[in-house]
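Laboratory data are not the source of any read-out in this text; all were calculated from the coordinates shown. The structure displayed is predicted, hence computed values, not measured ones. So basically every Cβ, Gly included, is an ideal-geometry build from the backbone, and we count neighbours across all protein chains shown.
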Amino acid sequence: MALAAVDLSVDLGRGLILPNPILVASGTFGYGVEYGDVVDVDRLGGICCKGTTLRARIGNPTPRVTETPGGMLNSIGLQNPGVDAVIGKYSATWARWRVPVIVNVAGESVEDYVEVARRLDGIPGVAAIELNISCPNVGRGGLQFAIDPVAAGEVTAAVRHVTDLPLLVKLSPNVSDIRPIARAIEDAGADALTAINTLSGIAVARDRTRPLLGNTYGGLSGPAIKPVALRIVYETAQVVKIPVIAIGGITELADVLDFLAVGAVAVQVGTAIFADPTLPVRLVAELEAECRHVGASSHRDFVGSALPKRPGSPSVKGVEYRP
Ligand SMILES: Cc1cc2nc3c(=O)[nH]c(=O)nc-3n(C[C@H](O)[C@H](O)[C@H](O)COP(=O)(O)O)c2cc1C
């Protein structure tokens, strides 16, 4: 008997249809080309490439990574060759792939983001832009765009103005209430939200005379951050109409299903790729098998099953300490 067809596609709007909901997260899969010998990249739902800035960056002083219980801290510092070199080196290859490549964009000012988006607009092989707004806004005393609804909305609107490319904006978990920030980004014209970026942390050097990382601060990722990511996706999915793509600590199918349950339409796999680059492609097959197993025609049947019928209380009200 022929197997029933399972539809794993994800429509993010503005013409961007992902073949399936398993993407790879920015900074953990290079520009995709590095993994060509190990993985059939065309079986992925999408590739978010390394953070790309207007000018080349050499990145932060070493050490840049350290292992933590259930995760890792990194402070790469957006090392990359700059947007023109990224386009020149990789876009022709991306254009030959079926998998959509989403270019992750970072900047130090609204003008930086706008200029990078302008240069990416219309380049064959660039399917969408993901704004990494967890960057200091140098003109505003170094305050991150991602922690302020006004700044997050401003940079989103400015980029929206210069490109018709699908626009994803990546939320930071380092805030007390994600909801006004998510709404501001939606109102400014983003097509989808991705959540979450890393949690800010530090480690101490072995001789305890200083912090361990060359940049002092690093971003925590891996299984340790999954509960935080689940909470942010849960709260965000209840206050926006645009799709939410979840990221944070995914290592197995159960994690994917948990994120779909709290309202994500797709997921990105990050740190776990360092241990097993074949994991994301395997998750695609496992998700399809799971749909067949429960008789679902699409993974979309799983989306939002754990969301409350009415909006839930945000954790910032202190519900976890209620007697
Ligand atoms: C080494 C490393 C580099 C990263 N670089 C970027 C980046 O350039 N831009 C970005 O938006 N996120 C970056 N991230 C964050 C990941 O895309 C992802 O949001 C985060 O690691 C949480 O997912 P995970 O727990 O599955 O790794 C990076 C993460 C790691 C571990």
How many of the residues in region 238-262 are more than 15 Å from the chain's Cα centre (by Cα), small (Gly, Ala, Ser) and closer than 14 Å to Ala192 by Cα? 0
Could you go through region 118-134 and let me know if any residue there is in contact with a Cys (Cβ under 6 Å, 6 or more places away or on another chain) and buried (at least 21 other Cβ atoms within 10 Å of the Cβ). yes
Reported set for region 204-215 where residues are touching a residue at least 24 places away in the same chain (Cβ under 8 Å) and surrounded by fewer than 20 Cβ atoms within 10 Å (Cβ to Cβ) is Leu212, Gly214, Asn215
With (1) within 16 Å of the ligand (Cβ to nearest atom); (2) surrounded by 18 or more Cβ atoms within 10 Å (Cβ to Cβ) as the list, and Phe302 as the residue in question, which single condition is left unmet? (1)
Among the residues of region 164-216, the number that are touching a Lys or Arg at 6+ places or on another chain (Cβ under 7 Å) and among the hydroxyl-bearing types (Ser, Thr, Tyr) is 1
Helices (runs of 4 or more DSSP H) wholly inside region 220-296 that include at least 1 residues being crowded, with 21+ Cβ neighbours inside 10 Å, near the ligand (Cβ under 8 Å from one of its atoms) and touching a residue at least 12 places away in the same chain (Cβ under 8 Å): 226-237, 272-275
Exactly one condition in (1) under 20 Å from the mean Cα position of the chain (by Cα); (2) closer than 20 Å to Thr216 by Cα is false for Gly46; which is it? (2)
Subset of region 97-129 (residues that are acidic (Asp, Glu) and more than 22 Å from Tyr217 (Cβ to Cβ)): Glu111, Glu115, Asp121
Could you check how many residues of region 27-55 are more than 9 Å from the ligand (Cβ to nearest atom), outside any loop (DSSP other than H, G, I, E, B) and not acidic (Asp, Glu)? 6
